[in-house]
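Q: Quick one: this structure, given as structure tokens, is what I'll be asking you about.
Laboratory data are not the source of any read-out in this text; all were calculated from the coordinates shown. In this text, all values refer to a predicted model and were calculated from it rather than measured experimentally. Cβ placement follows ideal geometry from the backbone for every residue including glycine, while neighbour counts extend to all protein chains displayed.
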Amino acid sequence: MAETPKNLDPRIESLLAGLRWRIRAYVWLEGISLALIWFGLTFWIGLALDYLPVLAGASEMPRAARAVVLAAVAAVLAWILYRWVFRRALVPLTNRSMALLLERQFRSFDDSLVTSVELTEQPSHADQFDPGMLRRTEDEARENTSVVRLRQVFNFTPLLRSATIAAVLLAPIVAFYAAFPLAMALGVSRMYLLKDEPWPRNARIEVVGVELLGAEDAPLRPTEAPLIVFDERQSVKVAKGSNVRLRVRADKAAKKIPEVCTFYYTTADGERGRVTMNRLRSSRGEFQEYAFNGKPLRGILSTVYFDVVGYDYRVRDFQIEVVDSPAVIATELDCRFPDYLVDEKLSLWLPRTEPLTSATQLPRGTDVTIRVLTNKPLRRVDLYNPDTKELTTQNVEGDETQRKQFEYRIPELADNLTLDVTLFDVDNVVTERPYRIFLAALPDEPPRVDVKLRGIGTAVTPDVIIPVEGVVLDDYAVDRTWFDFEMQRPGPTPEDQKSVRQSRDIAVLDAGRVDASLDFRDLRSQEVDPWELQPTDKLIVSVKAADKHDLSGGPNEGSSDRYQLDVVTPDMLLAILESREIGQRRRLEQILEEMTQARDFLNRVHSAAPGRGLEPGDVLETAEETDQERPDPQRVAERNQSLRLLRTQQAYQQGRKSGQELLGVAAAFRDIREELINNRVDTEDRKQRLKELIADPMQLIAETMFPELDRRVERLEKMLAEAMNSRQFDLQVGEAEAKAAVDQANDILAELEGILQQMLDLETFNELLDIVRQLIKDQQGLIERTEAERKQGLLRDLQ
């Protein structure tokens, strides 16, 4: 048997090797195309998932989400490479397999190629065949290799499709890189390197802080609403129930300035929502401002977590934490009163601590320390005075207990003080409504001098005694009380006019009572700086008092009314008083006339009887009115009873009036008597007659007899009124009471006539005194003229 070839023909070997590497290249190309398709697809999807939310105002994908996406992409890519590349590329491609593949594609081989390959690789099988036949088979296979086109073995459509899809997906990536290399690099670093560098934004916003708007009825704040900035945790604390305004601003230098910003919030109570923040027209400078103060920031009750989106920029994870508001729980005043008020015998004005109330009033000059106790530890306190527009800031230091109070001292309370206190606690929470402190500064008023002259008229003699009586009171204490008097002496020229002023202290009795006198006879006889009044002088007298006020301005002085008195001679004063006596006598005569009229009213009530008591014009109705010639007796009786009641009422009113006037006349005569005494004029007999025969009897009549008359007339009036109400027109009703009233009126008239006679006798006595005074005056004038003539005669004799 011929020898079997051991190796394949080189041409066959080359054909099989070419098919083998083409198959492997196809597998790699197809697998890589699929991998590139997956890469391109996941690149755009990942880029969209990471960047498109930014365009919508949301944030980028967090690292954890990007890591999950990257893991999914890597897992699918590994599966593609394994499934379409490694698993296929690592499969052994034997010559026999390649030959079978060619045999199937090219039928012209007619199994010659497979036979040649098998017999070459397995020579032991060739022993059963004829060698010549084997050579012919091999030659046949070698000849057919020339017509083989290996590309016909492959179906390039799937490969081209995959490559095209891959190119379609990769070309934009290349173009994107070429156009936006930084964005491409950022996207790759975020998606594949899991870096956290954010995407660049067209807009740029930031949260400025929150403003405390305060309650609508709160007092005006010293400045604009306070702005609280967020801390490093992006958190602020505000008081529960506060009205808060969120402030956001956008950089005008950015590519885009948002028209509005959106506020996304979630409360601790589970409420969610979003609202729009509008632009502030008042924005100036480099930033556009936005603000929002609606729900849930108005009257905020629970913690609010929020993000703010402005166009494509989002700030996130901010929170407004709600805590209890700092509040004042008590206010105390440490008071040290002015030294001039402190009296060790009285504890009223000793240093003390007292609570502040709406009725608290402190004397001016008080050194007061305001101690305010709060419910939370404080960091700072603002004290604003709305009157002076002054703002005082006070830092609070110490431990937690010490920070729950602060003190503010006013060394000298000069006027009413109003303070609006704004508290800042350690949580940086500000009181929504300032706590108002009001201290009323009670001024030290001048003493009240309620003093008047007693027994002094408008004219006095040079030896007058001026008595005063009344009270001197002060809101704290009176230090000194004195007479202030001034003498003004007229003269023919201004140089001859004289004015002298002096004072004399007055001792004040218990409860501020004043009962003192100023004796000008003693003043004239004093050794040092004697004082002498002369007729035609003007005397001005008042009583003054000073308190112990020792602050700026010195003591406060109070004064009574100023009394200007004319200094006259005793004779002139007597003439003035006698003229007043005549005037009072005329008043008494008028009282007598009025009482006589009242007595007549009562007489007519008493003397009324059937068929009597009618006066002209008393008939109620005429015959024409009643169509009768004579009046109706019933009507006449009713009319008469009505007239009796009316006259009783008139008598009652007249009696009361006369009694009061009589008291006034008695007081006037007592004043005349006191003026006589105080001016040291007239005789003791006249003073006694004025008191015992005129003033005292008048007083007695007014205080005893007139009240008895009033009681009797009242009883009569009551009986007549009851009779009229019961329509009893018996004219005998009240007859006894009327008689008793008439008798009392007659007794009063008799007493008054007796007093009037005493006044007439006194007037006659005064006239005699006037005649005597005139005779004495004429005699003195005659003596003076005789003396002058004698001096002139002696002078002529000497000449």
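Q: Loop-only trypsin sites (Lys or Arg not before Pro) in segment 369-409, please: DSSP not H, G, I, E or B, and at most 11 other Cβ atoms within 10 Å.
A: On the way: sites: R371, R379, R380, K389, R403, K404, R409; in loops: K389.
Answer in residue order: K389.
Q: Something else now. Between V260 and R635, what is the label-to-label distance in nm when each label sits 7 Å out along the Cα-to-Cβ direction?
A: Computed distance between label sites V260 and R635 equals 9.4 nm.
Q: Give K452/K544; K237/K376; K452/K687; K657/K691; K240/K376 a once-over and call out the pairs whose C-alpha atoms are over 20 Å from each other. Don't jump to the answer; show the numbers that get you there.
A: Working: K452/K544 12 Å; K237/K376 14 Å; K452/K687 23 Å; K657/K691 23 Å; K240/K376 14 Å.
Pairs exceeding 20 Å: K452/K687; K657/K691.
Q: Right, here's the next one. How large is the Kirkwood hydrodynamic radius of segment 443-602, in angstrom, based on all distinct alpha carbon pairs? Numbers along the way, then the final one.
A: Numbers: mean 1/r = 0.0543 Å⁻¹.
Its Kirkwood hydrodynamic radius stands at 18.4 Å.
Q: Could you tell me the calculated FRET efficiency between N746 and Q688, based on Cβ-Cβ distance and R0 = 25 angstrom, to the nearest 0.05?
A: Once the sixth-power term is evaluated, E becomes 0.30.
Q: Using r as the Cβ-Cβ distance of E354 and R656, and R0 as 56 Å, what FRET efficiency do you calculate, to the nearest 0.05?
A: Numbers: r = 53 Å, r/R0 = 0.95.
Efficiency computed from Cβ-Cβ geometry: 0.55.
Q: Obtain the radius of gyration and the Kirkwood radius of segment 271-336 from its C-alpha atoms and give Rg over Rh. Mind dumping the intermediate values first?
A: Working: Rg = 18.7 Å, Rh = 15.6 Å.
With Rg and the Kirkwood Rh in hand, the quotient comes to 1.20.
Q: GluC sites (Glu not before Pro) within segment 291-394: which are DSSP loop residues with at most 14 other Cβ atoms inside 10 Å?
A: On the way: sites: E321, E332, E344, E390; in loops: E344.
Loop-located and lightly packed - E344.
Q: For segment 503-576, would you read off the P(r) tail past 14 Å as a percentage of all alpha carbon pairs?
A: Working: 2009 of 2701 pairs.
Here the long-distance tail beyond 14 Å is 74 percent of all Cα pairs in segment 503-576.
Q: Please find the FRET efficiency linking E527 to D367, where r is the Cβ-Cβ separation and R0 is fixed at 35 Å, and quote it to the nearest 0.05.
A: Numbers: r = 49 Å, r/R0 = 1.39.
E between E527 and D367, to the nearest 0.05, is 0.10.
Q: Quick one: give the max-minus-min coordinate of the C-alpha atoms of segment 379-430 along each principal axis, largest first, in Å.
A: Answer, in whole Å and largest first: 34, 21, 11 Å.
Q: With the crude spin-label approximation of a point 7 Å out along Cα→Cβ, what separation in nm comes out for R680 versus T401?
A: Between R680 and T401, the label points sit 7.8 nm apart.
Q: Taking a point 7 angstrom from the Cα of A56 along the C-beta vector, which residues in segment 301-331 have backbone N less than 19 Å away?
A: So the set is 307-317.
Q: Could you work out the relative contact order of segment 333-466, using alpha carbon pairs under 8 angstrom and six or more residues apart, expressed as a whole percent?
A: Working: 227 pairs, mean separation 31.4, N = 134.
Relative contact order, segment 333-466: 23 percent.
Q: Put +1 on the Cβ of every Lys and Arg and -1 on every Asp and Glu Cβ in segment 491-599; which of A598, L574, A511 then has its Cα farthest towards the positive end of the dipole?
A: Positive-end residue among those listed: A598.
Q: A follow-up question, please. May I ask which residue of L373, T418, L383 lies farthest towards the positive end of the charge dipole of segment 366-424, with charges of +1 (Lys, Arg) and -1 (Asp, Glu) on Cβ and the Cα centre as origin?
A: After comparing all options, I get L373.
Q: So, in nm, how far is label Y408 from label W482 when the simple model puts each one 7 Å beyond its Cα toward the Cβ?
A: 4.4 nm
Q: Excluding W482 itself, calculate the net charge of residues whose Cβ lies under 9 Å from the Cβ of W482, where each Lys or Arg counts +1 and each Asp or Glu counts -1. Intermediate values should be presented prior to the final figure.
A: Values: positive: R480, R504, K544; negative: D484, D505.
Neighbourhood net charge equals +1.
Q: Same structure again: For A167 and Q534 in the same chain, what is the full-extension length gain: residue separation times 0.36 nm, less their Cα-Cα distance, in nm? Show your work: numbers first, answer last.
A: Numbers: separation 367, 0.36 × 367 = 132.12 nm, distance 13.82 nm.
That pair, A167 and Q534, stretches by 118.3 nm at full extension.
Q: Two decimals, Cα atoms only, Kirkwood Rh: what is Rg/Rh over segment 533-599?
A: Working: Rg = 22.0 Å, Rh = 16.5 Å.
Here Rg/Rh amounts to 1.34.
Q: Please report, in Å, the Rg and the Dmax of segment 645-743, where both are computed over Cα atoms only.
A: Reported Rg and Dmax, both Å: 19.5, 65.
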